[in-house]
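Visitor: To start, I am sharing the structure in question, which I have written as structure tokens.
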Amino acid sequence: MIDFYFFHIGDETDLAYMMINSIRKTNKDSRIFQLTDKKTNQIKITDDCYRFDGNQNSIMKFRMEAYSQTTLNQGRFSIFLDTDMLVLKEIKLNNLFENSDLILCKRELNSHLPVNIDFNNMNMTEYEGKSIGEAWPYLGCFIGVSNPESLVIMNKMYNNLEQKYKLWYGDQIILKKFALENPTKLSFVKETEYACLPLNNQISKQAKIVHFKGKRLKSFMKTCYKYFFE
């Protein structure tokens, strides 16, 4: 049995509704939980809502704080997803979960491209000359957990990051650091299966979960939702 968790703040709920409904239709025995701040309304089609205090100006840090403070259900595996994703197939990760505390999603698509060190004026000079795959080999949009202590450790790692990375990219920095320091606790899934981008508006037949990352792809998410689920 798998529980799905997602972090969502604010009034815009279209993406979250589509993501939740895709899980309901493909993983019928799963439960779905919203993690949020003290003010955001609970999305009614979730099984429950957990609320946390946090700094929205450090949104990625806030998300990891929420992950680490969530009491997970014993005897059920947990998957944390971004809201701009659709689950197209039943997720069966039992073999991976039985051998690992944490399941990470390996970056595959566009991993050869260089890091844009000036993204959002972040001045990421330490990544100059590195590819995206070298800098951030694991994606933050999909995390599988059997032992919540892994999330607690990663949240503590966040405290040592520069402020700019608590807003952007910090999750991927922490996932890489955790993986290097705890290799025996990990299993991996492929981006092309568990966070697949719809390149050229085409969805791979291998994809179990599709990730509509970026403004252009988010507008395409509704089209895909109607195609697969309506």
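Visitor: So what's the net charge close to E108: Lys and Arg +1, Asp and Glu -1, counting the other residues with Cβ under 9 Å from its Cβ?
Guide: Taking every other residue near E108 into account, the sum is +2.
Visitor: Taking Cα centroids, how far is the range 129-146 from the range 183-200 in Å?
Guide: 9 Å
Visitor: The range 97-200: which GluC sites (Glu not before Pro) are DSSP loop and have at most 16 other beta-carbon atoms within 10 angstrom?
Guide: Here the sparse-neighbourhood loop sites are E108, E128, E162.
Visitor: Turning to a different aspect of this structure: Largest first and to the nearest Å, give the Cα extent of the chain along each principal axis.
Guide: Dimensions of the chain along the principal axes of its Cα atoms: 46, 39, 38 Å.
Visitor: Note down the net charge around M19, summing +1 for each Lys or Arg and -1 for each Asp or Glu among other residues with Cβ under 15 Å from its Cβ.
Guide: Charge balance in the 15 Å sphere: +3.
Visitor: Summing -39500 (n - 2.57) over the DSSP H runs of n ≥ 4 in the chain and dividing by its residue number, what mean residue ellipticity at 222 nm do you reach, to the nearest 500 deg cm²/dmol?
Guide: Result for the chain, helices only: -10000 deg cm²/dmol.
Visitor: What does the convex hull of the Cα atoms of the range 118-206 come to per residue, in Å³, rounded to a whole number?
Guide: 130 Å³
Visitor: Next up: Let me check I've understood the local charge: for P137, count other residues with C-beta under 15 angstrom from its C-beta, Lys and Arg +1, Asp and Glu -1. What total comes out?
Guide: +1
Visitor: Restrict the search to the range 27-106; then list the chymotrypsin sites (Phe, Trp or Tyr not before Pro) that DSSP places in a loop and that have at most 15 other Cβ atoms within 10 Å of their Cβ.
Guide: Answer in residue order: no site qualifies.
Visitor: If you roll a 1.4 Å probe over the heavy atoms of the protein chains, what accessible area per residue do you get for the chain, in Å²? Could the numbers behind the result be given before it?
Guide: Details: 11730 Å² over 230 residues.
For the chain, the solvent-accessible area averages 51 Å² per residue.
Visitor: Counting only protein heavy atoms and a 1.4 Å probe, tell me what percentage of the chain's accessible area is made up of carbon and sulfur.
Guide: 46 percent
Visitor: Would you mind checking K156/K205; K38/K130; K25/K106; K164/K222; K44/K213 for any pair whose Cα atoms are more than 29 angstrom apart?
Guide: With Cα atoms farther than 29 Å apart: K156/K205; K38/K130; K164/K222.
Visitor: Treating the range 1-83 as a set of equal point scatterers at the Cα positions, no solvent, please give the Debye-formula log₁₀ I(q)/I(0) at q = 0.19, 0.24, 0.25 Å⁻¹.
Guide: Calculated log10 I(q)/I(0) at the listed q: -0.81, -1.25, -1.34.
The values are calculated or read from the model by the stated rules, or taken from the named source; none is laboratory data. Remember, predicted model here, so these are calculated numbers, not experimental data. Backbone-built Cβ (ideal geometry, glycine too); neighbour counts: all protein chains shown. Just the protein is used for accessible areas: all its heavy atoms, side chains included, with ligands, DNA and RNA removed. Shrake-Rupley method; radii C 1.70, N 1.55, O 1.52, S 1.80 Å.
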